[in-house]
Amino acid sequence: MSDRYSLNKNLAQMLKGGVIMDVTTPEQAKIAEEAGACAVMALERIPADIRAAGGVSRMSDPKMIKGIQEAVSIPVMAKCRIGHIAEAQILQAIEIDYIDESEVLSPADDLYHVDKTKFDVPFVCGARDLGEALRRIAEGASMIRTKGEPGTGDVVQAVRHMRKINAEMRRVQSLRDDELYEAAKEYRVPVELIKYVHENGKLPVVNFAAGGVATPADAALMMQLGAEGVFVGSGIFKSGDPKKRAAAIVKAVTNYNDPKVLAELSEDLGEAMVGINESEIKIIMEERGQ
Amino acid sequence: MKIGVLALQGAFEEHIKMLSQLNAESIELRQLKDLQQDLDGIIIPGGESTVISKLLDDLNMREALLNKINNEKLPVFGTCAGLIMMSQNTEDPKAVPLGLMECTAKRNAYGRQLGSFSTTAEFDGIGGIPMVFIRAPYIKEASKNVDILSTVDGKIVAARQGRFLATAFHPELTDNTCVHKYFLDMITESK
């Protein structure tokens, strides 16, 4: 394992127990930082608006990302399209702290993901199941998140993905050693990664929840299901009182196991994002990049 | 020995693992009531100092934590964000330190993630140890009451003032338990 890869996995460890918030302007980035975000995701439009706008969605303007880098002292992440090597190179050139190779943007390649081992900056990638998670790790991702269904305010897919990844890991743990080779074929991943999961019962990198988290209770739910931290996209700046909601979600992630605390901080947060049900949406982003 | 590990945000589990390797018990400190327990020392982990600082205030833990440290003369060990929180001055109003050590911490002193690095350097009283720096701070200035335990490229990366120990790097991310052992020895000495 290269030194750089290990440092990149280490940065994700520092983000654990924290909330990473989508922001579109330096002002929002400052609000997020003041509310206790452990990192921000700089993007031109939050997923809910990407969904509403339709069309092709691309990497954000580097100037806009730089504006956010200057506005805050916490790590700044940004998204590139799945398989878009050049967008990833551009983000590395502006010294981004983490690249999200994201299904939220329109995929640039319908077959291949970016070979993330060729980069010095870290990558986080979405996954719906153990196979996807381990394939992304094999390609060099140093952090995983559930895909969820971004921009919906509906947490059901994130729950489904987190439960599936964890259930599949429990299954791999229960296999006999001589069954792991077949499991590697079944999940379409290198056997070394299957062996890691078999021995440790967890992914070799940090695993966050993402997609549809809109309330402190949603965040606590994902943490109880085994997430090590939470991404909140549209849930904050599409709500009535972003500052208050953001701070409440941060506290909910720290005290996800204490219903009394959760009850207190769920009070009086104003309007949550309206959201759309999974049955009402036309574009299913989670199916992008498998 | 029972160590309270501040578990508001960041890499606190890594510290807990280190402590268990050294047969020390850990208690996660997540809210005010967790501070009522009997403790022999406290660890402030790596993470984001702005988040840890804000949560200390939002969860009404700052004053109680300081009182506990001061009244019970508890030894404290901080790594990375923990070092920032232990300093007197962070030069950033968003990361309000606890002011335990007479020093100024410079946040993100090595720049962004591309500036993160690992190295091996001398630690006074231990010898050469692996050091992992992740978007790390260093100690920019320290009073004469602060003992400098390690420097890398001329910058102070580990220091001690009485029962307080701080490192800019993350011993908890390596397999080397020496610095944690050093802290547990400090606790034993202080009794």
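Couple of notes before you dig in:
- Test for residue A:95: is it out of contact with any strand residue (DSSP E or B) (no Cβ under 8 Å at 6 or more places or on another chain), surrounded by fewer than 24 Cβ atoms within 10 Å (Cβ to Cβ) and either among the acidic types (Asp, Glu) or within 9 Å of chain B (Cβ to nearest Cβ) (or both): yes
- Extreme residue, most open to solvent (accessible area, probe 1.4 Å), among residues of segment A:8-45 that are more than 10 Å from every other protein chain (Cβ to nearest Cβ) and in a helix (DSSP H, G or I): A:27
- Considering the conditions (1) modelled with pLDDT of 95 or more; (2) within 14 Å of chain A (Cβ to nearest Cβ); (3) within 17 Å of residue B:52 (Cβ to Cβ), residue B:94 is excluded by exactly one of them, (1).
- Those residues of segment A:228-272 which are part of a loop (DSSP other than H, G, I, E, B), in contact with a strand residue (DSSP E or B) (Cβ under 8 Å, 6 or more places away or on another chain) and open to solvent by 10 Å² or more (accessible area, probe 1.4 Å), in sequence order: A:228, A:233
- Taking every residue in segment A:156-178 that is open to solvent by 90 Å² or more (accessible area, probe 1.4 Å) and pairing it with any residue that is not in a helix (DSSP H, G or I), at least 6 positions away or on another chain, the pairs with Cβ-Cβ distances below 6 Å are A:164/A:129.
- For segment A:233-267, the tally of residues that are away from every other protein chain (no Cβ under 14 Å) and either in contact with a Pro (Cβ under 6 Å, 6 or more places away or on another chain) or in contact (Cβ under 8 Å) with a residue 12 or more places away in the chain (or both) stands at 11.
- Residue within segment A:244-260 that is closer than 17 Å to residue A:150 by Cβ, at pLDDT below 95 and in contact with a helix residue (DSSP H, G or I) (Cβ under 7 Å, 6 or more places away or on another chain) present: no
- Top-ranked residue in segment B:33-48 [being open to solvent by less than 10 Å² (accessible area, probe 1.4 Å) and touching an Asp or Glu at 6+ places or on another chain (Cβ under 8 Å); ranked as farthest from the other protein chains (Cβ to nearest Cβ)]: B:45
- Scanning segment A:103-122 for residues that are free of Cβ contacts under 8 Å to residues at least 40 places away in the same chain and either within 25 Å of residue A:212 (Cβ to Cβ) or in contact with a strand residue (DSSP E or B) (Cβ under 7 Å, 6 or more places away or on another chain) (or both) turns up A:108, A:110, A:114, A:116.
- Residue B:65 away from every other protein chain (no Cβ under 14 Å), over 14 Å from residue B:2 (Cα atoms) and open to solvent by less than 10 Å² (accessible area, probe 1.4 Å): yes
- When residue B:160 is tested against (1) of a type in the set (Lys, Arg); (2) touching a residue at least 12 places away in the same chain (Cβ under 8 Å); (3) surrounded by fewer than 17 Cβ atoms within 10 Å (Cβ to Cβ), only condition (3) is not met.
- Among residues that are more than 18 Å from the chain's Cα centre (by Cα) and closer than 22 Å to residue A:205 by Cβ, residue A:103 is not included.
- Condition check for residue B:184: more than 21 Å from residue A:14 (Cβ to Cβ), in contact (Cβ under 8 Å) with a residue 12 or more places away in the chain and either outside any strand (DSSP E or B) or open to solvent by less than 10 Å² (accessible area, probe 1.4 Å) (or both): yes
The values are calculated or read from the model by the stated rules, or taken from the named source; none is laboratory data. Because the structure is predicted, anything quoted here is derived from the model rather than measured. Every residue, glycine among them, receives a Cβ derived from its backbone with ideal geometry; neighbour counts consider all protein chains shown. Keep in mind that these areas ignore ligands, DNA and RNA; they rest on the heavy atoms of the full protein, side chains included. Shrake-Rupley method; radii C 1.70, N 1.55, O 1.52, S 1.80 Å.
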